[in-house]
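Just below is one structure, and these are the notes that go with it.
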Amino acid sequence: MTEAVEVTRVVDRAHRESWSTVLASVVRLTRDLDLAEDCTQDAFVQALRTWPDGIPANPGGWLTTVARRLALDRLRRETTLRRKLPLLVEEPGEIEQPTDPLRLVFTCCHPALARESQVALTLRLICGLTTREVAAVLLIGEPTAAARITRAKKKIAAAGIPYRIPADHELSARLDVVLTVVHLVYTAGHVAAGSELTRTDLTGRAIELARMLERLMPDEPEPQALLGLLLMTEARGDARVSADGELVLLADQDRSRWNMQLLVEGVSRATEALERGQGRFALQAAVAGLHVTAPSWAKTNWGQVVRMYDAMMVSWPTPIVALNRAAAHSLVPGADLTAVLAELDALSNEPALATYAYLPATRADILTRLNRPDEAADAYKAAIALTANEAERRFLTARLQARGAQSWSASPASRRPR
Amino acid sequence: MAQYMFLLYDSEEWYDNVTPDDWQQAMKLHGAFAEAVEKAGARILGGEALERSTTASTVKQREGAEPLVTDGPFIETKEALGGYYVIEARDLDQALELAKICPSGNVEVRPVMDTSGDSGPQG
């Protein structure tokens with residue numbers, strides 16, 4: 001007999017590592033997401049029951065075999081009932097393949113599904129989270145999460161969203177949606193609303209997803225770029241929060257607290273991806289790379305950062321990119337802050353930024369540096385009203401009280417004209 | 001193969017001001033669309049242009065009362081339903097590809113329900 005603790009540990013790990021592979025393989029058999037989910041879940045329950053007698057050499061393979069057998073039994077029993085249900089569109093005549101999880105990913109992130117459904121479905125079907133867990137990480141009620149997932153699954157079946165990896169000519173656009181969803185999962189964990197600044201489980205899941213995409217799509221540079229970006233962000237994790245739980249900005253972070261192993265891994269992936277293409281994740285990873293390889297905030301190559309945002313604006317001209325570009329521009333030595341302020345004010349009419357706390361926060365900083373404290377105070381108050389994160393709110397409040405004394409986005413050295 | 005209805009929503013101003021040349025041009029675009037559908041291995045099962053929404057009447061069923069007939073379309077929007085196609089396509093991806101080349105500013109793509117069974121709407 002294997003110790004119960006040891007069995008639980010192995011089953012947990014198998015759940016993290018193999019859930020999507022097992023499910024994807026069963027979906028190929030059932031062409032029905034709900035049935036496939038039930039059978040996959042049951043296989044894990046069986047594992048908890050039988051693995052104390054001996055843990056199989058290949059847990060993932062064992063789970064796939066059991067789940068597929070359960071599915072075959074159910075299909076035989078329920079043929080007459082199931083014939084009435086719309087089944088997933090699937091190319092016929094194919095057997096189980098190692099890239100099956102990709103089919104599941106592309107189905108969950110189909111552009112005909114709303115973004116919020118794509119995220120919820122990905123967490124549920126690819127990461128194997130329960131509906132309760134999906135609700136908890138997305139900060140929505142459990143009934144809302146359940147309704148979102150159910151509606152999306154029904155649309156997949158009824159509208160004929162195919163269970164397949166997109167053809168070459170549509171791959172890059174479809175992949176972009178997938179990577180955006182994975183990035184959203186990560187950011188949901190990274191800038192989590194509520195009192196805790198990060199929800200490590202969610203960031204960890206997002207990184208695992210990016211690793212899987214990199215492994216299964218070795219010819220595409222963008223999954224590699226996304227992984228690099230996430231690893232570099234993750235590497236700064238501990239340094240983002242002080243010992244008493246307060247937010248520490250990149251400018252003030254103790255760079256010796258960054259996780260060097262993650263950093264090196266992230267930078268090397270970002271570099272390789274950038275050599276293979278200039279997609280938007282490659283460019284974002286390049287910006288992150290410029291930050292983490294700089295010896296200090298002041299010595300960051302801001303001109304190069306601005307050039308990366310310029311390149312992003314060509315293929316991805318969104319207000320958020322424009323905002324980031326303006327913020328970076330303000331930090332180039334000798335930058336014309338009045339011109340930057342005009343750029344920010346031009347963005348204030350963008351509906352996409354109407355509830356985005358970083359816009360007033362950036363304005364507040366520029367106004368402080370322009371020695372216009374009253375306007376800065378108003379901007380800080382606007383930012384405080386918009387942020388949902390407790391640590392961010394405390395941070396902005398502290399800046400509001402200390403305004404005029406110091407800028408948050410630039411150390412004094414970087415502001416001194418050269 | 002699945003069936004999809006393409007609902008074509010466009011501004012009706014165009015109809016009010018259309019010249020014979022513009023009309024011929026639009027018909028040519030629909031002819032080219034029909035060819036593209038066949039070429040993609042899909043099929044057009046039906047489709048018509050509709051008269052202006054100002055000619056529409058709506059019949060509303062009411063509980064315990066006679067059905068109410070009103071002037072105008074069920075939903076007033078800036079764009080009006082101006083025509084439709086019923087298309088047989090491999091899956092939603094193919095249907096969406098075809099909707100992208102359909103000559104209309106806004107195409108709503110709706111799967112046609114299979115009512116051949118007796119189990120009611122599923123999925």
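Every number here is computed from the coordinates shown, using simple stated rules; none is lab data. As the structure is a computational prediction, the values presented were derived from the model and not from experiment. Here the Cβ is made from the backbone with ideal geometry for all residues, glycine too, and neighbour counts use every protein chain on show.
Think of it as helices only: each DSSP H run of n ≥ 4 in chain A is worth -39500 (n - 2.57), and spread over all residues that comes to -21000 deg cm²/dmol at 222 nm.
If you take the square roots of the eigenvalues of the alpha-carbon gyration tensor of the range A:294-418 and sort them as a ≥ b ≥ c, do you get rounded (a/c under 1.5), prolate (a/b over b/c) or oblate? The shape class here is oblate.
Return one number: the angle in degrees, 0 to 90 and rounded to the nearest 10, between the long axis of the Cα atoms of helix A:373-386 and the longest principal axis of the Cα atoms of chain A. Relative to chain A, helix A:373-386 is tipped by roughly 10 degrees. Judged by the mean number of other Cβ atoms found within 10 Å, the most tightly packed of the peptides A:101-109, B:13-21 leads the ranking A:101-109, B:13-21.
For the pair residue A:154 and residue A:342, the difference between a 0.36 nm per residue extended length and the Cα-Cα distance amounts to 63.0 nm. Extension gain for residue A:313 to residue A:9 (0.36 nm times residue separation, less C-alpha to C-alpha distance): 104.8 nm.
Normalised by residue count, the range B:2-123 yields a Cα convex hull volume of 138 Å³ per residue. Put a plus charge on the Cβ of each Lys and Arg, a minus charge on the Cβ of each Asp and Glu, and nothing anywhere else: the dipole of the range B:1-45 about its Cα centre is then about 420 debye. Summing charges over neighbours of residue A:4, with a neighbour being any other residue whose Cβ is under 13 Å away from its Cβ, gives -2 when K and R count +1 and D and E count -1. Which of rounded, prolate, oblate describes the protein assembly as shown, given a ≥ b ≥ c as roots of the alpha-carbon gyration tensor eigenvalues and a/c under 1.5 marking rounded, otherwise prolate only if a/b is larger than b/c? Judged from the Cα gyration tensor, the protein assembly as shown comes out oblate (a/c at least 1.5, b/c at or above a/b).
With R₀ fixed at 35 Å, the C-beta to C-beta distance from residue A:171 to residue B:68 puts the FRET efficiency at about 0.10. Taking A:98, A:221, A:360 in turn, the Gaussian network model of chain A (Cα-Cα springs below 10 Å) assigns the largest fluctuation to A:98. When the Gaussian network model of chain A links Cα atoms closer than 10 Å, the mean-square fluctuations of A:97, A:41, A:253 top out at A:97. Residue A:176 sits among other residues whose Cβ lies under 11 Å from its own Cβ, and their net charge, with Lys and Arg +1 and Asp and Glu -1, is -1. Estimated at 0.36 nm per residue, the fully extended path between residue A:260 and residue A:72 surpasses their Cα-Cα distance by 62.9 nm. Using a Cα-Cα cut-off of under 19 Å, which lysines could be cross-linked to residue B:60, ignoring same-chain neighbours fewer than 8 residues away? The reachable lysines, counting only those whose Cα sits under 19 Å from residue B:60, number zero. Counting every other Cβ atom within 10 Å of each residue's Cβ, A:183, B:30, A:110 order from fewest to most as B:30, A:183, A:110.
Relative to the longest principal axis of the Cα atoms of chain A, helix A:302-315 runs at roughly 50 degrees. Among A:18, A:72, A:35, which residue has its Cα positioned farthest towards the positive end of the charge dipole of the range A:4-83, with +1 placed on the Cβ of Lys and Arg, -1 on the Cβ of Asp and Glu, and the dipole taken about the Cα centre? Result: A:72, furthest along the dipole toward the positive end.
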